[in-house]
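The values are calculated or read from the model by the stated rules, or taken from the named source; none is laboratory data. Quantities reported herein were computed from a predicted structural model and do not represent experimental measurements. A quick note on method: Cβ atoms are made from the backbone with ideal geometry, for glycine too, and the neighbour counts reach across all protein chains shown.
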Amino acid sequence: MPMRTISHLVNPQFTALVLCVLWFALVRVYYQFKPIIPRRAQLAFRRRLANRQRRVYSQLWPIFEPAARAPAGWTGWLHGLTFALVLTHDVESPKGVEQVRQLAELEMSLGFRSSFNFIPEGAYRVPEDLRRWLTENGFEVGVHDHRHDGKLYRSWRRFRASADRINHFLREWNAVGFRSGFMMRNLTWMHELDIAYDSSTFDTDPFEPQPEGAGTIFPFWVSRKQSGKGFVEMPYTLAQDSTLFLVLQEESNGIWKKKLKWIAAHGGMAMVNVHPDYIAFGDKSCRWDEYSASRYGEFLQWVKQEFAGRYWHALPRDIAAYYRQAIQANSTAGPGETSPGRGTGRGTGSKESQA
Ligand SMILES: [Zn+2]
């Protein structure tokens with residue numbers, strides 16, 4: 001039978017479903033074998049895939065225009081400032097832990113503070129004195145996944161057991177924020193976590209294994225049905241450093257600047273995730289899996305000069321508290337009524353799942 005005739009017989013929705021199932025099967029197999037795949041090979045695979053995706057999703061990334069729509073009842077940022085700036089870090093490895101202070105000191109030297117998310121039971125021990133040093137200097141500490149093995153949401157039983165451990169560390173670290181490893185997520189299951197906010201979503205980032213975006217550059221409320229409880233979801237809106245500099249091999253921070261200008265023009269929240277693990281500090285040359293600290297430092301300097309007096313720079317927990325209060329104060333129905341914009345799921349316009 002000619003191919004054209006076959007394609008007429010296949011329902012496009014069925015094709016999309018099959019592709020979706022195949023993608024999730026591929027992701028599952030990848031994370032099963034990831035520990036034994038050399039990191040260079042992992043990066044080479046991601047580079048090939050991402051370069052293809054970049055062409056296909058040029059209308060969705062780095063800017064997804066519909067994401068600029070403000071949520072219902074939104075009256076703006078603290079003190080009428082134009083936009084919010086939030087700096088976050090996921091610490092992936094022992095090397096990342098070693099470099100936390102250097103990164104924090106770089107930010108402090110420029111007048112910034114940020115949140116560091118640590119893996120509670122992964123490949124490193126989280127030093128108590130480092131956590132204390134961070135909080136004493138005005139930084140926030142959050143929880144990053146549980147074991148960071150890509151399997152957190154594989155089954156309800158597994159997740160439920162991890163949730164108990166995550167809640168234990170949230171209490172011990174006096175933390176209120178969470179982000180999953182590899183930005184995998186199930187916002188409904190996350191109600192089991194004792195969090196004020198989660199930051200495992202993004203406005204648009206088709207390079208992630210769970211590529212559907214929240215489709216908004218504003219925080220949004222994820223309510224637990226019939227309980228009045230919930231948490232604030234804070235999508236990151238600037239590309240992750242690893243995606244930009246290691247996977248896509250960008251040679252400048254121009255995409256961060258372009259996106260920040262767009263977010264500022266629409267009064268949204270600029271949130272970035274920078275990993276201390278991949279930064280080369282000082283004059284030493286970059287390894288194959290590093291980029292120069294100057295790219296991040298120069299970006300922060302540029303923000304200070306370009307947008308002086310126009311942005312609210314705050315820790316994610318402060319933004320989450322403000323958002324919850326502001327939406328509650330301006331909505332007769334409470335925060336449960338708010339919702340993200342249209343999602344970016346492979347161009348289908350579908351929404352990020354909500355509880
Ligand atoms: Zn991570």
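Within region 116-130, how many residues are more than 13 Å from the ligand (Cβ to nearest atom) and either closer than 15 Å to Pro276 by Cα or in a loop (DSSP other than H, G, I, E, B) (or both)? Step through it out loud before you land on a result.
At the first step, the residues of region 116-130 found to be more than 13 Å from the ligand (Cβ to nearest atom) are 121, 125-130.
Still in the running and either closer than 15 Å to Pro276 by Cα or in a loop (DSSP other than H, G, I, E, B) (or both): 121, 125-127, 130.
Selection size over region 116-130: 5.
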Q. Out of all the residues in region 260-287, which are touching a residue at least 24 places away in the same chain (Cβ under 8 Å), assigned to a loop (DSSP other than H, G, I, E, B) and more than 16 Å from the chain's Cα centre (by Cα)?
A. His266, Gly267, Phe281
**Q.** Those residues of region 138-155 which are surrounded by 18 or more Cβ atoms within 10 Å (Cβ to Cβ), more than 16 Å from the ligand (Cβ to nearest atom) and not hydrophobic (A, V, I, L, M, F, W, C), in sequence order
**A.** Glu140
Q: Return a yes/no flag: does region 100-119 have any residue that is of a type in the set (A, V, I, L, M) and over 28 Å from Ile217 (Cβ atoms).
A: no
Q. Among Asn167, Asn174, which is on the phi > 0 side of the Ramachandran plot, without any contact (Cβ under 8 Å) to a residue 60 or more places away in the chain and away from the ligand (no atom under 16 Å from the Cβ)?
A. Asn174
Q: Considering only region 99-115, state which residues are touching a residue at least 60 places away in the same chain (Cβ under 8 Å), of a type outside the set (Ser, Thr, Tyr) and either assigned to a strand (DSSP E or B) or away from the ligand (no atom under 16 Å from the Cβ) (or both).
A: Gln102, Leu106, Glu107, Leu110, Gly111, Phe112, Arg113
Q: Quick one: in region 319-355, of everything that is within 17 Å of the chain's Cα centre (by Cα) and at pLDDT 90 or above, which residue is nearest to Asn253 (Cα to Cα)?
A: Ile319
Q | Sole residue being of a type in the set (Ser, Thr, Tyr), more than 16 Å from the ligand (Cβ to nearest atom) and assigned to a loop (DSSP other than H, G, I, E, B), chosen from Thr135, Thr75 | A | Thr75
**Q.** Subset of region 186-211 (residues that are within 16 Å of the ligand (Cβ to nearest atom), surrounded by fewer than 21 Cβ atoms within 10 Å (Cβ to Cβ) and either at pLDDT 95 or above or over 16 Å from Phe159 (Cβ atoms) (or both))
**A.** Glu208, Pro209
Q.
Conditions first: (1) within 16 Å of the ligand (Cβ to nearest atom); (2) without any contact (Cβ under 8 Å) to a residue 12 or more places away in the chain. Arg158 passes all but one, so which condition is the exception?
A. (1)
**Q.** Residue check, Gln249 in contact with a Pro (Cβ under 7 Å, 6 or more places away or on another chain) and not charged (D, E, K, R)
**A.** no
